[in-house]
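The values are calculated or read from the model by the stated rules, or taken from the named source; none is laboratory data. Owing to the predicted nature of the structure, the values given are computational and were not obtained by experimental measurement. A quick note on method: Cβ atoms are made from the backbone with ideal geometry, for glycine too, and the neighbour counts reach across all protein chains shown. Accessible surface areas use protein heavy atoms only, side chains included; no ligands, DNA or RNA. Shrake-Rupley method; radii C 1.70, N 1.55, O 1.52, S 1.80 Å.
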Amino acid sequence: MNTRLRENLWGYFFIGPFVIGFLAFTIIPMIASLYFSFTQYNLFSPPSWIGFDNFVKMFTDDPRYLQSLKVTFIYVFGGVPLRLAFALLIAMVLNAASRAVGLYRTLYYLPSLIGGSVAVAIMWRNIFGDSGIVNLLLEFFGLDAIRWFGDPTAALWMLIFLSVWQFGSSMLIFLAGLKSIPVSYYEAASVDGAHFFQKFRSITLPLLSPVILFNLIMQTIAAFMTFVPAFIISKGTGGPLDGTLLYSLYLFKQGFEFFNMGYASAMAWVMLVIIGILTAVIFITSRFWVHYESEGGK
Amino acid sequence: MRSFQPKWIIYHVLVGGFVLLLLYPVVWLLMSSFKVSEQIFLTADHLIPDPFILENYVQGWKGFGGYSFGVFIKNTAVFVFITLIGHLISSALIAFGFARLKFAGRGFWFAVMIVTLMLPYEVVMIPQYIIFSQLGWLNSLKPLVVPAYFGHPFFIFLLVQFIRTIPRELDEAATIDGCNTFQIFYRIILPLITPALATAAIFSFYWTWDNLLGPVLYLNSPSKYTVSMALNMFLSNETVSNWGAMFAMSIVSLIPVFVVFFIFQRYVVEGIATSGLKS
């Protein structure tokens, strides 16, 4: 057996599981999903080809779809920047201390650790209840209590707050990034008389920008796919008045409550295209704000 | 002694105080689980339960449909264990292939793997459901655990990064000693990547333990319910005043997550910081 052949055999022996799994659980289902998106299919009778009807219906004849798109965009564009800003702020505050950073880092990470669980969604549901602790706090400060489950906008913000509360994993990534910035840069800037915001703008932000880009992309994709909190907090309805009908939840309902498998598949493909466009836009604009040291900017 | 300077005292009061505020809801959940259900919202502004009762835990543990909460925990533990073993074995093999072996198409498949990292599950969810239903796998763990044996892109990526830091001289020395490729993997690389495997195991545990969508799709009979599903059922059966039991079992569901975190904290924090794994 010649060496080249033997190398290839060993290579595919090791990565074989990935190749097989990719074909079986990703590429074949994707092709099937693309086909279903052009059909009407309820799982019990064979799919019937209806061309682009599913896609046309989505944008012209399904107000709930447009509503779910709207709340998802508010959730993503409201939640992700807030979450990252928060994560960066706390990371910088923790990075400034020499002691007890380990303990604080752990404690600030905890919400993120448990955030994806059903238990936390149940907890969130209850602290925002009419007589929950959030309203008690608002009243304590002389503000009016909010009926979080009565108003679609308030309910959506309740979900956004839950996602911001879980800033811990982004914070850990920022902390690692901050630690890799040489202290000497800040010292040199101080000697030159730079104040805090100048140092932040000219040192921290540029040197951290690749990490920000990474967090931004991963968090945007994850936020777009959020399911559990909306499912639990609205008890599977997406209510009130479809105010928390996130995209994934509506897709799930179309597929597994109404058994519109064709329509749900079409929704999944539109989701993929939207995520692709968002990622591409972030990447393209990153040329203008992400700083790579190898470019010799220093 | 800079930590005793006034500046640092203020720092610790602010930073410590703020984290207490963030964690307050969890403490509130814990304390409420020891309150009489009817009083939870009447006394929401008092943290300390009066009277302090354990009745909620007894009630919640009874579960529903004739299955105690212990059954749901056992189901989840089995689900987690089978998934975790699959993730570790397959991801280690695949990562070794990508990190160490030269073969035709390596770059292509590595790129494919990176792309699948970002692929939303929703795109494959429906056809997968149809395929698994035609295989007769519904209402079993198979659709949930079998894919784990074909690698997980996050863990493959994490392990590839880790293996690349191991000097190749070790492989070469082993080859001279007569090891074949599999023996290099098994005897040289595998023992050296245990820290990264530990990180992967912990995240596999978290993601599986918290998984709700998968079990909701594939498991129908209460005897097979996982903890996440059971909590969801508690919520949909939520009677006017049974919050106590629901809170109590919510706390129970969080205990393993906290225990694993406090034992293996270092791996969790380093795993996130170095590879961007998110939970």
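Here the 3J(HN,Hα) profile of the stretch A:120-126, calculated from phi with Karplus coefficients 6.51, -1.76 and 1.60 at θ = phi - 60°, is 5, 4, 5, 4, 4, 3, 7 Hz, Gly and Pro shown as x. Chain B packed on chain A takes about 7900 Å² of accessible surface away from a 1.4 Å probe, both sides summed. Ignoring aspartates and glutamates fewer than eight residues from residue B:102 along the same chain, the ones with Cα atoms less than 12 angstrom from its Cα are A:7.
Split the accessible area of the stretch A:61-295 by element, probe 1.4 Å, and carbon with sulfur accounts for 67%.
Residues of the stretch A:156-177 whose accessible area (probe 1.4 Å, heavy atoms of protein chains only) drops by at least 30 Å² once all protein chains are present, relative to their chain alone: A:165, A:169, A:172, A:173. Peptide B:96-109 shows a mean partner chain C-beta count of 5 within 10 Å per residue C-beta.
For residue A:39, the amide hydrogen comes within under 5 Å of the amide hydrogens of A:50, counting only partners 5 or more places away or on other chains and with H modelled in the peptide plane.
Excluding the site residues themselves, the longest part of chain A lacking any chymotrypsin sites (Phe, Trp or Tyr not before Pro) in a DSSP loop with at most 12 other Cβ atoms within 10 Å is A:142-257. Computed over neighbours whose Cβ is under 14 Å from that of residue B:35, the net charge equals -4, Lys and Arg +1, Asp and Glu -1.
Per-residue Karplus couplings for the stretch A:202-213, computed as 6.51 cos²θ - 1.76 cosθ + 1.60 with θ equal to phi - 60°, are listed in order as 9, 10, 4, 4, x, 6, 8, 4, x, 5, 5, 4 Hz, Gly and Pro entered as x. Length available on full extension from residue B:118 to residue B:258: 0.36 nm per residue minus the Cα-Cα distance, which gives 47.6 nm.
Sorted on the mean count of surrounding Cβ atoms within 10 Å across their residues, most packed first, peptides B:8-17, B:227-236 read B:227-236, B:8-17.
222 nm [θ] for the protein assembly as shown, helices only, -39500 (n - 2.57) per DSSP H run of 4+, per residue, to 500? One gets -22000 deg cm²/dmol as the mean residue ellipticity at 222 nm. Accessible area per residue (1.4 Å probe, heavy atoms of protein chains only) ranks A:285, A:106 as A:285, A:106, with the largest value leading. Filter the trypsin sites (Lys or Arg not before Pro) in the stretch A:55-127 down to the DSSP loop ones having no more than 12 other Cβ atoms within 10 Å, then list what survives. Passing sites in the stretch A:55-127 are A:99. Seen from residue B:182, the other residues with C-beta closer than 13 Å to its C-beta sum to a net charge of +2, counting Lys and Arg as +1 and Asp and Glu as -1. Heavy-atom accessible surface of the protein assembly as shown, averaged per residue, reaches 45 Å², computed with a 1.4 Å probe. Here the stretch A:61-295 is treated with +1 on each Lys and Arg Cβ and -1 on each Asp and Glu Cβ, and its dipole about the Cα centre works out to around 340 debye. Which FRET efficiency value, to the nearest 0.05, is calculated for residue A:144 and residue A:187 with the Förster distance at 56 angstrom and r the Cβ-Cβ distance? E between residue A:144 and residue A:187, to the nearest 0.05, is 0.65.
Partners of residue B:35 within straight-line reach, counting aspartates and glutamates whose Cα lies under 13 Å from its Cα and excluding those fewer than 8 residues away in the same chain: B:45, B:50, B:55.
Averaged over the residues of peptide B:17-27, the number of Cβ atoms from other protein chains lying within 10 Å of each residue's Cβ is 4. For the stretch A:61-295, the gyration tensor built on C-alpha atoms gives an oblate shape. Its axis ratio a/c (a ≥ b ≥ c) is at least 1.5, and a/b is not larger than b/c. Derived scalar couplings between HN and Hα for the stretch A:63-78 equal x, 5, 5, 4, 4, 5, 5, 5, 5, 5, 5, 4, 4, 6, 7, x Hz in order, rounded to whole Hz, by the Karplus curve 6.51 cos²θ - 1.76 cosθ + 1.60 (θ = phi - 60°), x for Gly and Pro. With a/c under 1.5 counting as rounded, go ahead and sort the protein assembly as shown into rounded, prolate or oblate using the C-alpha gyration tensor (a ≥ b ≥ c being the square roots of the eigenvalues; past the cut-off, prolate if a/b is larger than b/c, else oblate). The shape class here is rounded.
Which links in A:253/B:74; A:70/A:253; B:62/B:142; A:235/B:74; A:253/B:62; B:62/B:224 stretch past 20 Å when you go from one Cα to the other? Flagged as over cut-off: A:253/B:74; B:62/B:142; A:235/B:74; A:253/B:62.
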